[in-house]
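Nothing in this text is a laboratory measurement; each read-out follows from the coordinates by a stated rule. Predicted model, so just to flag it, every value in this text is computed and none were measured.
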Amino acid sequence: MPSSYPSQNGRSKYDQFFIFGDSITQFSYDQHLGFGFGAALTSVHRGFSGYTTANAKVLFPKIFPTLQEGRVRLMTIFFGANDAVLPPHAQQVPLEQYKENLKFLIEHPSVKEHGTKIIILTPPPINEYQLQFFDAEKGFDTPSRTAANTKLYADACRDVAQSLGVPVADIWMAIMKSTGWEIGQPLTGSKDVPANDQLASMLTDGLHFTGNGYKLMYDEVMKTIRATWPEEAPENLPEVFPPWDIAPK
């Protein structure tokens, strides 16, 4: 891998990979956290449990780095799992508002100032069989989510990204395909069809990822980066510091 010594005021400076999302981002497994960019980019991990795009819209201008703090080279946006809760649950964000909020994040002036390359992640499918226990533990009298409603938000996320020319890491579709589901079939994860062990292996509680789920997410993001911007893949980015065998002593 090539290396360089970018320097400002005598100090080497890393570009950043800004990883932005809800609890699925917050709880992501450490081995996948930086997507393998450690020697070339600083991973800035900003996951917020329970947050929706409505929260993200307010939060984003407060936490997105300035150019003085380092250029954000890549960014993932991964929201929708909470937006897709059903009324009367408080987190629910109407579908059209969800789409507008995503557009706000993608088109924010700070993102344009950095020239950031954005990847949108679709919200993952849920498993109603597992989620009934999650909801019971929370004291909910009615289901918080359904497979069908979550699909609407995944579809909307995909549509917004495609309309703005932003690449999509389609987590929803990747997980569904891993279960054997095909377009046109009843949704895996719905109680209208039998429980699916493969889907259960991806989700701890019907919503959050297991290690298998995070591995799939990692693979989809890296596949999207390599397909869209191969020059941004970890193996093609210059390291900020040289390898050990030629490093200054």
* Asked: Per the Kirkwood definition applied to all pairs of different Cα atoms, how many angstroms is the hydrodynamic radius of the chain?
  -> 19.0 Å
* **Rounded tilt (10° steps) of 53-63 against the dominant C-alpha axis of the chain** => 20 degrees
* **Long-range Cα-Cα pairs in segment 158-228 (distance over 17 Å), rounded percent** => 50 percent
* **Relative contact order computed over segment 107-249 (Cα-Cα under 8 Å; 6+ residues apart), in percent** => 26 percent
* Asked: When DSSP beta bridges are limited to those with both residues in the chain, what percentage is antiparallel, rounded to the nearest 5?
  -> 15 percent
* Straight-line reach from Lys249: which lysines have a Cα under 26 Å away, not including same-chain ones fewer than 8 places off? -> Lys13
* May I ask you to derive the relative contact order of segment 7-238, considering only C-alpha pairs under 8 Å and at least 6 residues apart, and to give it as an integer percent? => 19 percent
* Structure fact -> Taking Cα atoms, the helix 95-106 axis meets the longest principal axis of the chain at an angle in degrees (rounded to 10) of 0 degrees
* For segment 107-198, what number of Lys pairs, 8 or more residues apart or on separate chains, have alpha-carbon atoms under 28 Å from each other? -> 7
* 5 angstrom amide H check on Ala169, placed H, neighbours 5+ away -> Ile120, Leu121, Thr122
* To do: Would you work out if segment 75-132 is rounded, prolate or oblate? Take a ≥ b ≥ c from the square roots of the eigenvalues of the alpha-carbon gyration tensor; rounded if a/c is under 1.5, else prolate when a/b is larger than b/c, oblate otherwise.
  => oblate
* Structure fact -> Note on segment 57-111: contact order normalised by length, alpha-carbon pairs under 8 Å, 6 or more apart, percent, works out to 36 percent
